[in-house]
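**Q** Please see the structure below; I have some questions.
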Amino acid sequence: MKRTIVIVLMLLTAFGAARAGENSLLWKISGNGLESPSWLFGTNHMLCPGMISIPDKVKEAMMQSEQLILELDFDDPAVMQKIQQGMIYKDGTTAADYLTDKEYKQVSTFFTDSMNLPFSQLRIIKPFFLSSITLIHYLGCQPVSMESSLIELSSEKEMEVKGLETVSDQLNFVESLPVDKQKEILLAQVTSHDSVKTMYKMMVDKYLEEDIFGLHEITTGYMTGEYSEFGEEMLVKRNLRWIPDIEEIVRDKSSFIAVGAGHLPGDDGVIMLLREKGYKVEAVL
């Protein structure tokens, strides 16, 4: 359970560009009256340990910053406890209550045979988070998050770590998703092995290449039709809520803001929303 806590927010920050030729995970925020620049960085919450290498440009930007801003304040031990508590049903509900017998067998077999995880111990976890856990199988390792590496760097400089959201904010988003929709996503994850594996590998490759346009194409293609509302809630509405807070943060002091890479690109991405507010947001290549 503990190894999945950092991972479960993967689907909350799926990858999501600004304009052609601007592919980068690191962006400099300046102008609009700012006394000093801040930085915007796209993270990935779920990578194999060997995939994580903090580029020099990121280290340099962090050294010029006074505080680290993440989606959640993962430097606070209470955050992990709250996430773990929010992952499970506390009213006696189990997967047997929202899955048919056939579906239950499919899900149970996947976790038991493909992941070597006894489903009897996982069935009280809510379907959205079960979907997140399946991604460990497709990644092929015990994953780690880039946020952990950023927190380590921040501690070397004794930077304060803050969060854009609270655990309650993110858990409320999950609770707002109909169980039937959560179930559909879970079943797709455990039955469409080849397509999910291919798509996830493409997303990881695009991320490591800093190709946010490629990420944007993959996710916008996925989040259409019946999943369009999911994308609206998961990315667009959260981006819009963040902008006033980000404006206040960058006016207060030079900050390194690290959020899921999917929040950066697109017409409703953080990059364009900040530009619309009058800020100069430049790719750091």
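**Q** Identify the residue in region 46-84 that is among the acidic types (Asp, Glu) and touching a Ser or Thr at 6+ places or on another chain (Cβ under 9 Å) and, among all such residues, is surrounded by the fewest Cβ atoms within 10 Å (Cβ to Cβ). Step through it out loud before you land on a result.
**A** Step one: filter region 46-84 for residues among the acidic types (Asp, Glu), giving 56, 60, 66, 71, 73, 75-76.
Okay, now just the ones that are also touching a Ser or Thr at 6+ places or on another chain (Cβ under 9 Å), so 66, 71, 73, 75.
Numbers: 66: 14, 71: 23, 73: 19, 75: 18.
Checking each candidate, the answer is 66.
**Q** Would you check which residues across region 233-285 are acidic (Asp, Glu) and open to solvent by less than 30 Å² (accessible area, probe 1.4 Å) and list them?
**A** Quick first cut of region 233-285, residues acidic (Asp, Glu) only: 233, 245, 247-248, 252, 267-268, 276, 282.
Of everything in region 233-285, just one residue is acidic (Asp, Glu) and open to solvent by less than 30 Å² (accessible area, probe 1.4 Å), namely 247.
**Q** Please enumerate the residues belonging to region 111-129 that are open to solvent by 60 Å² or more (accessible area, probe 1.4 Å) and within 15 Å of residue 99 (Cα to Cα).
**A** Scanning region 111-129 gives 120, 123, 124.
**Q** Continuing with the same structure: For residue 41, are the conditions met, namely being hydrophobic (A, V, I, L, M, F, W, C), surrounded by 18 or more Cβ atoms within 10 Å (Cβ to Cβ) and in a loop (DSSP other than H, G, I, E, B)? Lay out the reasoning, then the answer.
**A** Values: hydrophobic (A, V, I, L, M, F, W, C): yes; surrounded by 18 or more Cβ atoms within 10 Å (Cβ to Cβ): yes; in a loop (DSSP other than H, G, I, E, B): no.
No; evaluated as a whole, the condition is false for this residue.
**Q** For region 228-285, which residues satisfy the criterion of being touching a Leu at 6+ places or on another chain (Cβ under 8 Å) and polar (S, T, N, Q)?
**A** Those that are touching a Leu at 6+ places or on another chain (Cβ under 8 Å) and polar (S, T, N, Q): 239, 255.
**Q** Give 94, 109 a once-over and let me know the one that is modelled with pLDDT of 95 or more and touching a Lys or Arg at 6+ places or on another chain (Cβ under 8 Å).
**A** On the way: 109 fails: touching a Lys or Arg at 6+ places or on another chain (Cβ under 8 Å).
None of the others qualify; the one that does is 94.
**Q** What is the residue count in region 85-105 for residues that are open to solvent by less than 50 Å² (accessible area, probe 1.4 Å) and charged (D, E, K, R)?
**A** 1
**Q** Quick one: how many residues across region 239-262 are under 23 Å from residue 145 (Cα atoms), part of a helix (DSSP H, G or I) and at pLDDT 90 or above? Spell out the reasoning first.
**A** If we filter region 239-262 for residues that are under 23 Å from residue 145 (Cα atoms), which is where we start, we get 239, 242, 246, 255-262.
Narrowing the set further to residues that are part of a helix (DSSP H, G or I) leaves 239, 242, 246, 261-262.
Then keep just the ones that are at pLDDT 90 or above; that gives 239, 242, 246, 261.
Summing the residues that are under 23 Å from residue 145 (Cα atoms), part of a helix (DSSP H, G or I) and at pLDDT 90 or above in region 239-262 gives 4.
**Q** Still on this structure, I have one more. Quick one: would you say residue 206 is basic (Lys, Arg), open to solvent by 30 Å² or more (accessible area, probe 1.4 Å) and farther than 30 Å from residue 62 by Cβ?
**A** On the way: basic (Lys, Arg): yes; open to solvent by 30 Å² or more (accessible area, probe 1.4 Å): yes; farther than 30 Å from residue 62 by Cβ: no.
Answer is no for this residue.
**Q** If I go through region 151-187 residue by residue, how many of them are crowded, with 18+ Cβ neighbours inside 10 Å, of a type in the set (D, E, K, R) and assigned to a helix (DSSP H, G or I)?
**A** The qualifying residues number 1.
**Q** From the list 132, 108, 148, exactly one residue is closer than 16 Å to residue 45 by Cα, open to solvent by less than 60 Å² (accessible area, probe 1.4 Å), touching a helix residue (DSSP H, G or I) at 6+ places or on another chain (Cβ under 9 Å) and not in a loop (DSSP other than H, G, I, E, B). Which is it? Show your work before the answer.
**A** Working: 108 fails: closer than 16 Å to residue 45 by Cα; 148 fails: touching a helix residue (DSSP H, G or I) at 6+ places or on another chain (Cβ under 9 Å).
When all the criteria are applied, what remains is 132.
The values are calculated or read from the model by the stated rules, or taken from the named source; none is laboratory data. Only a predicted model underlies this, so the values are computations on that prediction, with no experimental measurement involved. Here Cβ is always computed from backbone atoms with ideal geometry, including for glycine, and neighbour counts include all displayed protein chains. Ligands, DNA and RNA are excluded from the accessible area calculation, which covers all protein heavy atoms including side chains. Shrake-Rupley method; radii C 1.70, N 1.55, O 1.52, S 1.80 Å.
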